[in-house]
Structure formats: structure tokens, C-alpha cells
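What follows is a single structure, written as C-alpha cells, with notes after it.
Bear in mind these aren't lab numbers, they're just calculated from the coordinates by the rules spelled out. These numbers were taken from a predicted model, which means no experiment stands behind them. Cβ atoms come from the backbone with ideal geometry, glycine included; neighbour counts cover every protein chain shown.
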Amino acid sequence: MNLKSLLDLLADGAFHSGEDLGNTLGISRAAVWKQVERLRKLGVDIHSVTGKGYRLPGSLSLLDKGIVLDYLGDLGPVLVDQFDLFFSIDSTNLEAMRQIQQGVGSRIIVAEHQGSGRGRRGRSWISPLGASIYLSVVVTFNSGMVALEGLSLAVAVMVRRAVTRCGCHGAGLKWPNDLQVDGRKIAGILLEISGDLTGPCRVIIGIGLNVNIPESAAPAIDQPFSDLASHSDQTLDRNHVLAILIQEMHAGLARFDERGFAAFHDEWDAADVYKGRRVELVSGSNKVTGVVRGVSGTGALLLETDSGIRTMAGGELSCRLRETSR
Ligand code: BTN
């Protein structure tokens, strides 16, 4: 019996007694209880009420490769052989690295749960099962690392387009690539690049998009966060959300390959939540204070300091912005 079969039975959000679940799955009530505990450890909120049984707080749509491919429309047959869906994995970015070592140059890797999700600046990305989208896209660019300037910001624009199509109209961008609603993060992006300064580069684009984070996950998350379900005017099916995200990434990455960040600059600028605000940019032990004046044509932060406008590009992946009072 695998955990997914139990979750499939609970996915309707209704009560199911341990006995009924056991009968359907061909296991004892005690074995059902053990599996429920395992699912809880993976981050699934399962309520239990004596005399009624177990239920999820709401209905749950588990990811299903066939459904995602259907939603992808014309793109489905193009991507069918490049698509891996894992129920539980350490990290989709780590899996992408393993596949790159085997020679893979283009792949889409998705998981329902990550045990060691990786965030920026060495943080963990808390990844409860069935709650979000954990996606890594492996892509090869042939023009060297310099051509990748601004890619992480361009990806943020692609993710923003996807969440807008999913009915979330107020998402803003925080440099370099966080998606926020009302100051709370709804998606994070982690780029991991290997390859040549001048030749082919393999890029792993890891995206964590909060769709419906259970309350039980909140204490482990060390920054203000929210999710798509709280800000969308649509009823969300994660299979559809994932298909939309893949469509936007597919189209956006092709565009980036042709035109670079220039094709995304204005859209990034229009969604910049820090523009005009006084901030402190922290990079290692360096701190620079100034007013955000937008981003450059290559995605660097333009900061107006006492000594004029400074272009802050280096250490993009290790910088953080915080608003200051003066
Ligand atoms: C951030 O810290 O803002 C970036 C978070 C990136 C999380 C995603 S989830 C899918 C992919 N796999 C990982 O281990 N991390 C990225």
C-alpha cells in the first residue's frame, strides 16, 4: 500500500472511517493509522474525530502527469518525455543536478513533497506534501554565462504571469526574484548554474510556488508568507496551476534566449514593490543604504545613494533588501 492510495481516498475532504479505509486498501485499521501518521510527517493536515474517522480540512487535487499534460494542450506531446513527477523527493533541484551529471540538458522535474527543499542563501524551503508546486526546469543556454544576466528576474516575471493567469492579480516583485502579495512571499526562485563562461551552460531553475499552505506548516517557515489560494479569484487545481506555470516558462525561456532580460524589463519595473522606497542592501558584511530607482537593462538593482546612483549587480543571489525608517 502506498501513501498516495490513502491520500487519493481522503482527497474528497469527507470523513472516512479507519475501518472503511482499511477495507478498501486491504490493510488493518492500525496500519491505516500508521500511514496517517506518515502523511502527517510529510506535512499533510489530517483531522481525526472519534467515531467519524479521518478527513482532510478541504479537498485536495493531487498532481497527475496525465492531467497536467492534457492541460498543457499543444505543448503536452512536446514535453511528455521530458517530464518527471515524484511523490516525495529530497529536492527537485538536487534531482536536476543528478540528471545533469547523467548528461540531461533539458528536463521538467516536479514533486508533491520535498524532504530537503533548498532556498536561497543556504536556507531550507519548507515543502509540505500536496500544498504547493515544487518545480525544477533544466535548460541549456549556448551563449555563455554573461548572456544569463537578468535570467533570475526574467523568471520572476514568468512566474508572475502564471499566477496572474491563476487569478492572483496583485503580485509584486522584490529584487532579485521574490513574488510577494502584501509583503508576504508567495513564490521563491533558486537558480543553480553550471558550465562555461563562454560556452554552453546548464541552468537549474527551481521554483517553489505556495498554492495552499496548511496551518501546520506555518511555524517552520522563517519569513512572512502567503499562498495563491488566499489571493486568487479562481478555484485552483494544482494540475492546472502547474500546466500554466510550465507554459509560461516554456514561452518565456525561448524569449529570454532570443532577447535576454530586455524583453522582461518593463514588466519587472511595473511590478517592482520596492521602487521609490529607502532600503538597505545587505551583501555579506557590506551594507548600502539608498532609494530604489528600479533595475538596469541587465537586471542589476539601481540604488540612489548619497554618492549618486549605484548599480548593484554582484552577489545577486546573496543580497537581501529591507526597508529602513529614514
Ligand atoms: C528562495 O529561497 O526564495 C528560493 C526557493 C526555491 C524553492 C524551490 S522548490 C523547487 C526547487 N527545489 C528546491 O530544492 N528548491 C527549489
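If Lys and Arg each add +1 and Asp and Glu each add -1, what is the summed charge of the other residues whose beta carbon sits under 15 Å from the beta carbon of Gly18?
Cβ neighbours under 15 Å give a net charge of +3.
Which FRET efficiency, nearest 0.05, do Leu9 and Thr198 yield, Cβ-Cβ r, R0 41 Å? Present the calculation step by step, with values, prior to reporting the outcome.
Working: r = 54 Å, r/R0 = 1.32.
Computed FRET efficiency for Leu9 and Thr198 comes out at 0.15.
Just to verify a number: FRET efficiency for Ser143 and Glu37, C-beta to C-beta distance, R0 = 45 Å, to 0.05?
It comes to 0.35.
Nearest 5 is fine: what % of DSSP beta bridges in the chain come out antiparallel, could you say?
Here the antiparallel bridges make up roughly 85 percent for the chain.
Once you've got the Cα coordinates, tell me which of Lys65/Lys185; Lys34/Lys65; Lys4/Lys41 are over 22 Å apart. Walk me through the numbers before you get to the answer.
Working: Lys65/Lys185 27 Å; Lys34/Lys65 28 Å; Lys4/Lys41 14 Å.
Beyond 22 Å: Lys65/Lys185; Lys34/Lys65.
Kindly express, to the nearest 10 degrees and within the range 0 to 90, the angle between helix 29-41's C-alpha long axis and the longest C-alpha principal axis of the chain.
10 degrees
Taking the Cα centre of each part, how many Å lie between region 211-238 and region 288-315?
32 Å
Pull out the extension gain between Asp182 and Ser307, defined as 0.36 nm times the separation in residues minus the alpha carbon to alpha carbon distance; nm, one decimal.
Extra length available between Asp182 and Ser307 comes to 41.9 nm.
How charged is the neighbourhood of Arg98? Take every other residue with its Cβ under 13 Å from the Cβ of Arg98, and add Lys/Arg as +1 and Asp/Glu as -1.
-2
Mind jotting down a quarter of the surface of the convex hull over the alpha carbons of the chain, in square nanometres, one decimal?
With every direction weighted equally, the projected area is 18.3 nm².
Taking every DSSP beta bridge with both residues inside region 137-288, roughly what % is antiparallel (nearest 5)?
Among the beta bridges of region 137-288, antiparallel pairing accounts for roughly 90 percent.
Check cross-link reach from Lys52 to the aspartates and glutamates: straight Cα distance under 13 Å, and skip same-chain residues fewer than eight apart.
Glu19, Asp20
How far is helix 238-259 tilted off the main Cα axis of the chain, in degrees rounded to 10, range 0 to 90?
The answer is roughly 20 degrees.
For region 3-55, what does the convex hull of the Cα positions come to per residue, in cubic angstrom?
It comes to 67 Å³ per residue, whole-number rounded.
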